[in-house]
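The values are calculated or read from the model by the stated rules, or taken from the named source; none is laboratory data. Because the structure is predicted, anything quoted here is derived from the model rather than measured. Here the Cβ positions follow ideal geometry from the backbone for every residue, glycine too, while neighbour counts run over all protein chains shown.
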Amino acid sequence: MTHAPATVFPPRLRRFAALLPFLVLALAGPTRADIPPPKGYVETCTPERACAGRAAVSCRGSFRDADGCQKQFEPQGLVRACRTRGASVWTEVWCKPAPGSAPAPAASEAARAASRTPAPAAIPAAPASGPR
């Protein structure tokens, strides 16, 4: 004689568990990860628009090296004017500072602090304690 398997969960809970994945997906909403721009979108982050006649350079950035453009162009005295859309890849526009504005820092504060911090000295080993 065969018996139906005993259910551990009541029917109402089983229905909820079956609908839970769909509920989570519906409530998650759209994310901002590399979603294509809406129809008619015109990129405003271009060297011509962002730098208005000043010397400019475009730099491709990515999540693998998010501050790569900063490391490359900030020491040259350039300032970041804008960044295009994108979560994993984007383009940054770097410009010479506008005339009369404060000069761009030679390097980021973190890089300067790291270069000023001396290497840690070796910690001497603790003397052995106990009877000799």
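Any residue that is exposed (fewer than 14 other Cβ atoms within 10 Å of the Cβ) and at pLDDT 85 or above - is there at least one of those in the range 73-86? Yes: one or more hits.
As a summary of the residue check, Arg49 satisfies the conditions (1) touching an Asp or Glu at 6+ places or on another chain (Cβ under 9 Å); (2) at pLDDT below 95; (3) over 15 Å from Lys96 (Cα atoms) except for the one numbered (3).
Looking across the range 35-57, the residues that are within 16 Å of Glu92 (Cβ to Cβ), out of contact with any helix residue (DSSP H, G or I) (no Cβ under 6 Å at 6 or more places or on another chain) and either charged (D, E, K, R) or outside any helix (DSSP H, G or I) (or both) come down to Glu43, Thr44, Cys45, Thr46, Glu48, Arg49, Arg54, Ala55, Val57.
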